[in-house]
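The values are calculated or read from the model by the stated rules, or taken from the named source; none is laboratory data. Every value quoted in this text rests on a predicted model; they were computed, and no experiment measured them. Cβ: placed from backbone, ideal geometry, glycine included. Neighbour counts: every protein chain shown. These accessible areas exclude ligands, DNA and RNA; they are computed on the full protein's heavy atoms, side chains included. Shrake-Rupley method; radii C 1.70, N 1.55, O 1.52, S 1.80 Å.
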Amino acid sequence: MYPIYLLDIMIFVFSIYNAIGYKKFKSDYPDMSMGFHLREICYNKETWDYGNKLATKVSIILSVILFLIVFPLTLFFNFERFVYIIILIALIIIYIIFLILILKIKMRKRFKY
């Protein structure tokens, strides 16, 4: 079996790729088929452009922070594989929750809904 830290690296690379996709591969405003979708971001063209750029930045920062938390755990501690999987799943859920909360708060402060 492969080492568990490879799973952490794969999740990190996927989250960075996903974050870059929010900025590079988003569609124009009336279409909105691709991009980060929150009610606050989909409000109009200005919020759509700003929200996807903000989602890119926040997603990359959260990815780096969570990677720096998990990677040392996988290298220096000798937990069972099941414990690492639970930690990774919990941190992915935390990542999603923080991403949504941070974006909602920043968008509401910026655009005064």
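Overview of values
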quantity: Test: residue in the range 72-87 that is under 24 Å from LYS112 (Cα atoms) and touching a Phe, Trp or Tyr at 6+ places or on another chain (Cβ under 7 Å); calculated: no
quantity: Long-range neighbours under 7 Å by Cβ, at least six apart or interchain, first residue at negative phi within the range 54-71, second in a helix (DSSP H, G or I) and of a type in the set (Asp, Glu); calculated: PHE67/ASP8; VAL70/ASP8; PHE71/ASP8
quantity: Pairs with Cβ under 7 Å, 6+ apart, first in the range 93-110 and without any contact (Cβ under 8 Å) to a residue 60 or more places away in the chain, second surrounded by 14 or more Cβ atoms within 10 Å (Cβ to Cβ) and part of a helix (DSSP H, G or I); calculated: PHE98/LEU62; LEU99/VAL58; LEU99/SER59; LEU99/LEU62; ILE102/VAL58; LYS106/LEU54
quantity: Single residue of TYR17, TYR95, TYR43, TYR22 found to be open to solvent by 60 Å² or more (accessible area, probe 1.4 Å) and in a helix (DSSP H, G or I); calculated: TYR17
quantity: Neighbours by Cβ (under 9 Å, 6+ apart or cross-chain): first from the range 9-27, within 18 Å of ILE94 (Cβ to Cβ) and in contact (Cβ under 8 Å) with a residue 12 or more places away in the chain; second of a type in the set (Val, Ile, Thr) and open to solvent by less than 50 Å² (accessible area, probe 1.4 Å); calculated: ILE11/VAL70; PHE12/VAL70; ALA19/THR56; ALA19/VAL58
quantity: Looking only at the range 57-82, and only at residues there that are open to solvent by less than 60 Å² (accessible area, probe 1.4 Å), under 15 Å from LEU6 (Cα atoms) and β-branched (Val, Ile, Thr), the one that is modelled with the lowest pLDDT; calculated: THR74
quantity: Residues located in the range 98-113, provided they are open to solvent by 70 Å² or more (accessible area, probe 1.4 Å), charged (D, E, K, R) and at pLDDT 90 or above; calculated: LYS106, ARG108, LYS109, ARG110
